[in-house]
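Participant: Quick one: the structure is below, questions incoming.
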Amino acid sequence: MKSMPGSLTLAVCALVVGLIGCSGPAGDGKTGKPAQPSEQAKAKPSDQRSQPPDKNAQPKKPTDTEPDKTKTPAQPTPGEKPQPPETPPRETPPEKPSQPAEPQQKPEPQEKIGARMSKQVYGKMPDGTVVDLYTLTNSAGMKVKLITYGGIITAVETPDRNGKLANITLYRDSLEDYLAGHPYFGCIVGRYANRIAKGRFVIDGVEYKLATNNGPNHLHGGVKGFDKYVWQASPVEGDGYAGVVLKHESPDGDEGYPGKLSVTVTYTLNDQNELKMEYVATTDKPTHVNLTNHAYWNLAGAGAGDILGHVLMLNADRFLPVDDTLIPLGEPRSVKDTPMDFTSPKTIGSRIDQVEGGYDHCYILRRSPDEKLALAARVVEPKSGRTMEIRTTKPAIQFYTGNFLDGSITAAGGNISYEKHYGFCLETEYFPDSPNRPEYPSTLLKPGQTYHHITVHKFGVEK
Ligand code: BGC
């Protein structure tokens, strides 16, 4: 499928290793959680074992949008339950338009900086730092917009089967709105995407403590993760593609992680409708790294309703059952004969009611030994005909169905309220809690090594 811009010469390290392994002892669910490790451990063995956690057994999970009124964050940290107040008060949305309006952006002048890209000022941080918006276009009429704050992808505009463009990624209207709070829409997540149990890990006998910003656990890099920094950007353009190179340096001790980490994330859009995300990181001390992009998708258009009718195929026959705080119980389980099975295409909604709270699980990708950029997922939205295919060098993908969206996050001047299941995420990642699970593919990065991963989203239409 891909004739990607530039070379795909991967220095991809130990992917294969982990894909075969993962045979550690079953988790004991002792994560400090009050509730039981879910129905997996109980009742109807054959069926239940591969089921996601029992709703009734779960305490209230961290939500993306519920502010914790007991804390006052230095920075707004959208969404995570035990987290601060980042979300704006629920607005009373006016009647929803059948076609959501486009975001109202300030009319900043656009600077054409290449044949297929332009740049404009998007806003200013409270300290005056300018945040830029880059717009990438391709010969097929596709557009990708991204901002230097958090490396957030604010728009992916693709045509439906009638050629009508829509922004198919969930967005907010302005920098002020992003700063006010959002559940990781479109951003770069790091140092560690997903959860680390109890916010701690040990390297070479030394314990490192991280923020527990999601119930008892650490999520998405902590209180001020990579999603809340303004990245240094430089445009790149070549034959058939345009992109932006984003750089960020995370100091030793940042959010509790050891080592100074230098990170480069490059987004490019090519004429084959491929959006490529390339992640490179190096460190000066051993540390853990797991980078991803957290885009929420709705191939019918952001705000156009729920995503339950999308048809999904996941190239994964195993997933990680989790406890009540979404920490893996232990070893992967087969998806066979369970609602977790997307090995052949089916609608996201077909069995979601059998999955406690909705899908929020890590799937372990199938990949042949010599396959680096392996197929991870294929999604079709039947009404618009839009399709999205994801390939990645990473070992797993987190499938999350926007379970914590509750309508409090809005866009299009209030015409859109993102309700539960209005978007889904497919986050290419390592496994959650890998720093504490020697049996999982390792996320440890040492000095002299390079973390290097690629994920490609290819967009299309089905007639
Ligand atoms: C997690 C969800 C979380 C969401 C937003 C996803 O990656 O799996 O549990 O609510 O991010 O923070």
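Participant: Which one of Ala281, Ala304, Ala295, Ala316 is small (Gly, Ala, Ser), open to solvent by 30 Å² or more (accessible area, probe 1.4 Å) and under 24 Å from Gly186 (Cβ atoms)?
Facilitator: Selected residue: Ala304, the only one of Ala281, Ala304, Ala295, Ala316 that is small (Gly, Ala, Ser), open to solvent by 30 Å² or more (accessible area, probe 1.4 Å) and under 24 Å from Gly186 (Cβ atoms).
Participant: For region 343-352, indicate whether the set of residues that are assigned to a loop (DSSP other than H, G, I, E, B) and free of Cβ contacts under 8 Å to residues at least 12 places away in the same chain is non-empty. Step through it out loud before you land on a result.
Facilitator: Start the filter on region 343-352 by keeping residues that are assigned to a loop (DSSP other than H, G, I, E, B), which leaves 343-345, 351.
Applying the additional criterion that residues be free of Cβ contacts under 8 Å to residues at least 12 places away in the same chain yields none.
Checked against the condition, which is being assigned to a loop (DSSP other than H, G, I, E, B) and free of Cβ contacts under 8 Å to residues at least 12 places away in the same chain, region 343-352 yields no hits at all.
Participant: Still on this model: Anything in region 215-255 that is away from the ligand (no atom under 16 Å from the Cβ), touching a strand residue (DSSP E or B) at 6+ places or on another chain (Cβ under 7 Å) and under 30 Å from Gly199 (Cβ atoms)? List them, or say none.
Facilitator: Pass one, region 215-255, residues away from the ligand (no atom under 16 Å from the Cβ): 229-254.
Still in the running and touching a strand residue (DSSP E or B) at 6+ places or on another chain (Cβ under 7 Å): 229-237, 240-250.
Hits for region 215-255 are Tyr229, Val230, Trp231, Gln232, Leu246, Lys247, His248, Glu249, Ser250.
Participant: Quick check on His421: is it in a loop (DSSP other than H, G, I, E, B), within 20 Å of the chain's Cα centre (by Cα) and under 30 Å from Arg333 (Cβ atoms)?
Facilitator: yes
Participant: For region 325-341, enumerate the residues that are out of contact with any Gly (no Cβ under 6 Å at 6 or more places or on another chain), assigned to a loop (DSSP other than H, G, I, E, B) and more than 12 Å from Arg437 (Cα to Cα).
Facilitator: Result: Leu326, Pro332, Val335, Lys336, Asp337, Thr338, Pro339, Met340, Asp341.
Participant: Would you pick out the residues in region 328-360 that are within 18 Å of Asn194 (Cβ to Cβ) and touching a strand residue (DSSP E or B) at 6+ places or on another chain (Cβ under 6 Å)?
Facilitator: Those that are within 18 Å of Asn194 (Cβ to Cβ) and touching a strand residue (DSSP E or B) at 6+ places or on another chain (Cβ under 6 Å): Pro328, Pro332, Met340, Tyr359, Asp360.
Participant: Yes or no: Val379 open to solvent by less than 10 Å² (accessible area, probe 1.4 Å), more than 15 Å from the ligand (Cβ to nearest atom) and under 30 Å from Asp323 (Cβ atoms)?
Facilitator: So Val379 passes the test.
Participant: Tell me, yes or no, whether region 190-202 has at least one residue that is under 23 Å from Asp132 (Cβ atoms) and open to solvent by less than 30 Å² (accessible area, probe 1.4 Å).
Facilitator: Yes, some residue in region 190-202 is under 23 Å from Asp132 (Cβ atoms) and open to solvent by less than 30 Å² (accessible area, probe 1.4 Å).
Participant: Among the residues of region 388-407 satisfying the criterion of being open to solvent by 10 Å² or more (accessible area, probe 1.4 Å) and out of contact with any Asp or Glu (no Cβ under 8 Å at 6 or more places or on another chain), which is farthest from Arg172 (Cα to Cα)?
Facilitator: Restricting to residues being open to solvent by 10 Å² or more (accessible area, probe 1.4 Å) and out of contact with any Asp or Glu (no Cβ under 8 Å at 6 or more places or on another chain), the top hit is Arg391.
Participant: Can I ask one more? All but one of (1) open to solvent by less than 10 Å² (accessible area, probe 1.4 Å); (2) within 11 Å of the ligand (Cβ to nearest atom) hold for Gly186; state the number of the condition that does not hold.
Facilitator: Evaluating Gly186 over (1) open to solvent by less than 10 Å² (accessible area, probe 1.4 Å); (2) within 11 Å of the ligand (Cβ to nearest atom) leaves (2) as the failure.
Participant: Quick check: anything in region 161-170 within 16 Å of the ligand (Cβ to nearest atom) and either touching a residue at least 24 places away in the same chain (Cβ under 8 Å) or part of a loop (DSSP other than H, G, I, E, B) (or both)? Spell out the reasoning first.
Facilitator: Within region 161-170, the subset within 16 Å of the ligand (Cβ to nearest atom) is 169-170.
In the following step, the residues that additionally are either touching a residue at least 24 places away in the same chain (Cβ under 8 Å) or part of a loop (DSSP other than H, G, I, E, B) (or both) were identified as 169-170.
Scanning region 161-170, I find at least one residue that is within 16 Å of the ligand (Cβ to nearest atom) and either touching a residue at least 24 places away in the same chain (Cβ under 8 Å) or part of a loop (DSSP other than H, G, I, E, B) (or both), so the answer is yes.
Participant: Filter region 388-436 down to the residues that are charged (D, E, K, R) and in contact with a helix residue (DSSP H, G or I) (Cβ under 8 Å, 6 or more places away or on another chain), then identify the one that is farthest from the ligand (Cβ to nearest atom).
Facilitator: Once the filter is applied, the top-ranked residue is Lys394.
Participant: Taking the options Thr129, Thr148, name whichever one is under 23 Å from Gln232 (Cα atoms) and under 22 Å from the mean Cα position of the chain (by Cα).
Facilitator: Matching residue, one of Thr129, Thr148: Thr148.
Participant: Could you tell me which residue of region 153-183 is farthest from Thr401 (Cα to Cα), considering only residues that are open to solvent by less than 10 Å² (accessible area, probe 1.4 Å) and hydrophobic (A, V, I, L, M, F, W, C)?
Facilitator: Among those that are open to solvent by less than 10 Å² (accessible area, probe 1.4 Å) and hydrophobic (A, V, I, L, M, F, W, C), it is Leu175.
Participant: I would also like to ask the following. Name the single residue, out of those in region 348-376 being acidic (Asp, Glu) and within 15 Å of the ligand (Cβ to nearest atom), that is farthest from Leu329 (Cα to Cα).
Facilitator: Across region 348-376, the extreme among qualifying residues is Glu356.
The values are calculated or read from the model by the stated rules, or taken from the named source; none is laboratory data. Bear in mind that the values here come from a model prediction, so they are computed numbers and not experimental data. Note that each Cβ is placed from the backbone with ideal geometry, even for glycine, and that neighbours are counted across all protein chains shown. Just so you know, the surface numbers come from the protein's heavy atoms only, side chains and all, with ligands and any DNA or RNA stripped out. Shrake-Rupley method; radii C 1.70, N 1.55, O 1.52, S 1.80 Å.
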